[in-house]
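The values are calculated or read from the model by the stated rules, or taken from the named source; none is laboratory data. Since this is a predicted model, take the numbers as computed values, not measurements. Heads up, the Cβs are rebuilt from the backbone with ideal geometry, glycines too, and the neighbour counts pull from every protein chain shown. Side chains included, ligands, DNA and RNA excluded: accessible areas come from the protein's heavy atoms. Shrake-Rupley method; radii C 1.70, N 1.55, O 1.52, S 1.80 Å.
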Amino acid sequence: MSEIPDGRPAWRGRLRRAVGAPAYPWITGALVTCGAVLELSFWPGSATVATAVLVSTASLMWRGALPAVAILTVTAALAGFAASPGSNLYLAAAVSGLTGCYTLGRRRVRHPALVIGGGFLASLAVNLIHMGTWQRAAEGLFPSQAKGYWYSPGLYAETFVLTVVILGAVSAGDAVRAREETRRERDVAQGRLIAMERRRAAEAERAAIARELHDVVSHSVSMIAVQAESAAYTTPGLSPQARTAFQDIAGTARSSMAELRRLLGVLRTGPDERAALAPQPTLDALDELLEQHRAVGGRAELRITGERTALPAGWELSAYRIVQEALTNVRRHAPGARTLVEIGYGAGRLSIRVGDDGPGPAAGRPGGHGLAGMRERAALLGGRLTAGPGPGGGFLVEAELPW
C-alpha cells in the first residue's frame, strides 16, 4: 500500500482532500435528497412527513457554508419521524439526521453536551408523541390493559436508542474535530521548529563564512604590512615623508591584524586550531575534492567551460564550499550515484551546476541545513542558488555568483 510522507496511507490523504472540498456538502446533500424522493415515491407519507424529510435532506447541502443549519437538519428528521404513522423512519431521514449530529459535533456550533442534552429532550418528545399514538391504539383494542400505560419502562426504549445514536454521532464529530485541531497544532509547532532549525543553521553558516573570510582578509592585511615595511627600506630615493607614510601603513596593518585576531577568538570555538589555521581552498582544489569523493565510492566528473579567471578570494572559497556541500549531499542521500560538476566562467559571472542521477528529493521533505548554508553563501555574494529535482531525474544544485 502506498504511503504519503508522514506514514499514513495515500488513500486517506485523498479521502481527506475530497471531504474537505467545497463541493462535497452539495454533492452528498443532493444525493441524499434524491434518495429521499425515491423512498417517498415507493412509500409515500403524509404531506407533513414528506416535507420534514425533504427539508432534512436538502439542508445538508448548506452544512459546509453554514454549519448551524445542521440544527434544522436534525430537527426536521426528528419531526418527520414523530409524524410518521406507525413510527416509520425513512432511511434518507436517518442518514441526514446522523450527518447533522456529526456536523454539529465536528463544527462545534454548540458545546457537545448542550447538543446531546437537546437531542435527549427531542428524542423524549418524539417518544411521547409515539406513546400517545400507541395508547390510543391500545385503548381501542385492549381497553383493560390501557390503565398505567405511561408508567411502562419498556415504552421509553425509543428515547434511549435515539439518545445513544445522537450521542455517538455528535461524539464522532467532536473526536474528528479534536484530532484535526491537534494535527494543525502539531503542524504549526513542527513548522516553527523547522524554521528555528533553519535560522540556527543559517547563523552557524554565517559564522563559518565569517571565519573563512577572516582568514582571507587576514592574509591580505598581512601582505599589506609586509609590502609597506619592505617598500620603506628597499625603494631608492624615498623621501622621509614617504618613508614615514609607509611605516604608518605598516603600523595600521599590524593593528588591524591584532583586531582580526581578537575577532577570530570570538568566531572560532572549535578545539582544532590546526584545521582553523589551514589555508582556505579555491576552485583550483576541485580536482582533489572530486578525488576524495571517488575514494569513498562516488562517481564524479568535472567539466569547466569558459576561460579560467582568478576570482576574489571570497568568491573562490564560497564556490568551493558550494560544490563540497553538494557532493556531501550526494554521498548522504544518493550513494553511488553518478555526479556531474560543471563550472562556467562568464562575463562577470560564475555559474555552478552539480547534478546527480540518484532517486531525487523525497516528496514533502524540507531541505536540510546544508542547502540553507549554500543559499547563505550565494546570497552573501549577491548571487542566487536553487536546488531541487533535475530535469532528467536525480537532484540538481545550481548557483550563479556575480563578481
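Could you tell me which residue of the range 120-145 is surrounded by the fewest Cβ atoms within 10 Å (Cβ to Cβ), considering only residues that are of a type in the set (Gly, Ala, Ser) and either modelled with pLDDT under 80 or closer than 25 Å to residue 31 by Cα (or both)? Only one residue fits best here, namely 144.
When you look at residue 35, is it of a type in the set (Gly, Ala, Ser), in contact (Cβ under 8 Å) with a residue 24 or more places away in the chain, closer than 16 Å to residue 89 by Cβ and in a loop (DSSP other than H, G, I, E, B), yes or no?
On the way: of a type in the set (Gly, Ala, Ser): yes; in contact (Cβ under 8 Å) with a residue 24 or more places away in the chain: yes; closer than 16 Å to residue 89 by Cβ: yes; in a loop (DSSP other than H, G, I, E, B): no.
It is false that residue 35 is of a type in the set (Gly, Ala, Ser), in contact (Cβ under 8 Å) with a residue 24 or more places away in the chain, closer than 16 Å to residue 89 by Cβ and in a loop (DSSP other than H, G, I, E, B).
Taken over the range 54-95, the residue count meeting the criterion of being in a helix (DSSP H, G or I) and without any contact (Cβ under 8 Å) to a residue 12 or more places away in the chain is 1.
Within the range 294-307, which residues are surrounded by 16 or more Cβ atoms within 10 Å (Cβ to Cβ) and either of a type in the set (A, V, I, L, M, F, W, C) or part of a helix (DSSP H, G or I) (or both)?
300
Consider residue 378 carefully, then state whether it is touching an Asp or Glu at 6+ places or on another chain (Cβ under 9 Å), aliphatic (A, V, I, L, M) and open to solvent by less than 20 Å² (accessible area, probe 1.4 Å). Talk me through it step by step, then tell me what you get.
On the way: touching an Asp or Glu at 6+ places or on another chain (Cβ under 9 Å): yes; aliphatic (A, V, I, L, M): yes; open to solvent by less than 20 Å² (accessible area, probe 1.4 Å): yes.
It is true that residue 378 is touching an Asp or Glu at 6+ places or on another chain (Cβ under 9 Å), aliphatic (A, V, I, L, M) and open to solvent by less than 20 Å² (accessible area, probe 1.4 Å).
For the range 149-208, a residue qualifies if it is of a type in the set (Val, Ile, Thr) and closer than 30 Å to residue 121 by Cα, and the qualifying residues are 159, 161, 163, 164, 165, 166, 170, 176. Please determine, by comparing only the residues of the range 17-32 that are open to solvent by 80 Å² or more (accessible area, probe 1.4 Å) and outside any loop (DSSP other than H, G, I, E, B), which one is modelled with the lowest pLDDT. It comes out as 17.
Only one of these is open to solvent by 60 Å² or more (accessible area, probe 1.4 Å), modelled with pLDDT under 90, on the phi < 0 side of the Ramachandran plot and not hydroxyl-bearing (Ser, Thr, Tyr): 334, 310. Name it.
On the way: 334 fails: open to solvent by 60 Å² or more (accessible area, probe 1.4 Å).
Going through 334, 310 in turn, the sole match is 310.
When the strands (runs of 3 or more DSSP E) confined to the range 313-394 are screened for residues that are among the hydroxyl-bearing types (Ser, Thr, Tyr) and either closer than 21 Å to residue 287 by Cβ or in contact with a Lys or Arg (Cβ under 6 Å, 6 or more places away or on another chain) (or both), those reaching at least 1 such residues are found at 338-346, 349-356.
Using the structure shown, decide if residue 326 is within 31 Å of the chain's Cα centre (by Cα), within 23 Å of residue 403 (Cβ to Cβ) and surrounded by 17 or more Cβ atoms within 10 Å (Cβ to Cβ).
Yes.
Residues that are at pLDDT below 85 and open to solvent by 10 Å² or more (accessible area, probe 1.4 Å) within the range 49-65 comprise 64, 65, listed in sequence order. Condition check for residue 86 on (1) closer than 24 Å to residue 128 by Cα; (2) at pLDDT below 85; (3) of a type in the set (Gly, Ala, Ser); (4) surrounded by 11 or more Cβ atoms within 10 Å (Cβ to Cβ): one failure, at (4).
Filtering the range 96-107 down to residues that are in contact with a Pro (Cβ under 8 Å, 6 or more places away or on another chain) and either without any contact (Cβ under 8 Å) to a residue 40 or more places away in the chain or not basic (Lys, Arg) (or both), which residue is surrounded by the most Cβ atoms within 10 Å (Cβ to Cβ)? Applying the filter and picking the extreme gives 104.
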